[in-house]
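The values are calculated or read from the model by the stated rules, or taken from the named source; none is laboratory data. Not measured: the values here are computed from a predicted model. In this analysis, Cβ positions are derived from the backbone assuming ideal geometry, glycine residues included, and neighbour counts consider all displayed protein chains. Ligands, DNA and RNA are stripped out before the accessible areas are found, and what is left, the full protein with its side chains, is counted by its heavy atoms. Shrake-Rupley method; radii C 1.70, N 1.55, O 1.52, S 1.80 Å.
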2 protein chains.
Amino acid sequence: MVTYELSDTDVDRIFQALADATRRDIVSRTLTDELSVTALAGRYDMSFAAVQKHVAVLERATLVVKRRRGREQMVQANPEAVRRAARLLDAYEKIWHDRAERIGDLLSDTTKGTEQ
Amino acid sequence: MVTYELSDTDVDRIFQALADATRRDIVSRTLTDELSVTALAGRYDMSFAAVQKHVAVLERATLVVKRRRGREQMVQANPEAVRRAARLLDAYEKIWHDRAERIGDLLSDTTKGTEQ
DNA sequence: TTCATATGTAACCATTTGGTTGTACGTTAG
DNA sequence: CTAACGTACAACCAAATGGTTACATATGAA
């Protein structure tokens, strides 16, 4: 598995992009269907320009990609980016799990004299 | 496993809180060590008030909890919240995976006449 | 009690965000 | 070719964000 190096700014952009319900919905929809910006705009109670901006935020965060089809721009989620975000959080979980395990060891392991 | 229902606003707050490198670092550190706000503030090149605000943002998002110890407030990450965030992203991955599987089935399954 | 420490909060500021409307431009349909 | 459509972008606005300094409050030490 190839894991790309994400800068702090990259990660900022990913979580920032996910911190809005409309944008999460766009990701959700475009995971299964490739939708034009106009088609997406029709689904939300806001201007086309607003939706277009949301798509741009997602694009900057690499959470979606756009592909030209005639005069339309088809939006599709990038599952790899979603995956990377999930793995980032997994890493936090792992830190915690390792610590919990260490504490467990300290509490149960009474044979060795490594405690201070 | 108990899964709490998260509102859009809850999720907004979680991802918003994670969209800042300082706050991610605070989560990371307090997963292993319980640290006072002052101890945390000492580690970043910004005012105490700024760090205190970051902790407040994390607290509102339930990503950390505070516990009083004498005159200090000890900050500790809440692994359950991190976990919930990770599972949210897993759900997106699952949507994509299911769709990929459906497409795979359509392409490979030539024996049944279920295609439209 | 008094003082120092740890925290919280208010007021302020610059920048970003999330929305708007209007306009310009590229592409396709007729 | 021309008109309609789909998209992009600029200018604007209100609200939120991320930082500051200053002050207020709570707790522990002596």
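Note on the range A:20-36: residues that are crowded, with 19+ Cβ neighbours inside 10 Å and near DNA strand D (Cβ under 9 Å from one of its atoms) amount to 1. The condition (being within 14 Å of chain A (Cβ to nearest Cβ) and either in contact with a Cys (Cβ under 6 Å, 6 or more places away or on another chain) or modelled with pLDDT of 95 or more (or both)) is satisfied by just one residue among B:65, B:37, B:51: B:65.
Quick one: is residue B:17 at pLDDT 95 or above and among the small types (Gly, Ala, Ser)?
On the way: at pLDDT 95 or above: yes; among the small types (Gly, Ala, Ser): yes.
Answer is yes for this residue.
State all residues of the range A:38-68 that are within 12 Å of DNA strand C (Cβ to nearest atom) and either over 23 Å from residue A:15 (Cβ atoms) or in contact with a strand residue (DSSP E or B) (Cβ under 8 Å, 6 or more places away or on another chain) (or both); if no residue qualifies, say none. Give the derivation first.
Initially, the range A:38-68 is screened for residues within 12 Å of DNA strand C (Cβ to nearest atom), giving A:38, A:41, A:44-58, A:60-61, A:68.
Matches in the range A:38-68: A:38, A:41, A:45, A:47, A:48, A:49, A:55, A:58, A:68.
Just to verify a result, which residue in the range A:37-50, among those that are in contact (Cβ under 8 Å) with a residue 12 or more places away in the chain and more than 9 Å from DNA strand D (Cβ to nearest atom), is farthest from the chain's Cα centre (by Cα)? For the range A:37-50, the residue satisfying everything is A:46. Go through the range A:73-99 and give me each residue that's under 27 Å from residue A:49 (Cβ atoms) and either of a type in the set (Phe, Trp, Tyr) or more than 8 Å from chain B (Cβ to nearest Cβ) (or both). Passing the criteria: A:73, A:74, A:75, A:76, A:78, A:81. When the helices (runs of 4 or more DSSP H) confined to the range B:17-116 are screened for residues that are more than 27 Å from residue A:85 (Cβ to Cβ), those reaching at least 3 such residues are found at B:37-41, B:48-60, B:79-108.
For residue A:80, are the conditions met, namely being open to solvent by 30 Å² or more (accessible area, probe 1.4 Å), more than 9 Å from DNA strand C (Cβ to nearest atom) and farther than 20 Å from residue B:99 by Cα? Walk me through it before giving the result.
Values: open to solvent by 30 Å² or more (accessible area, probe 1.4 Å): yes; more than 9 Å from DNA strand C (Cβ to nearest atom): yes; farther than 20 Å from residue B:99 by Cα: no.
Criteria not met by residue A:80.
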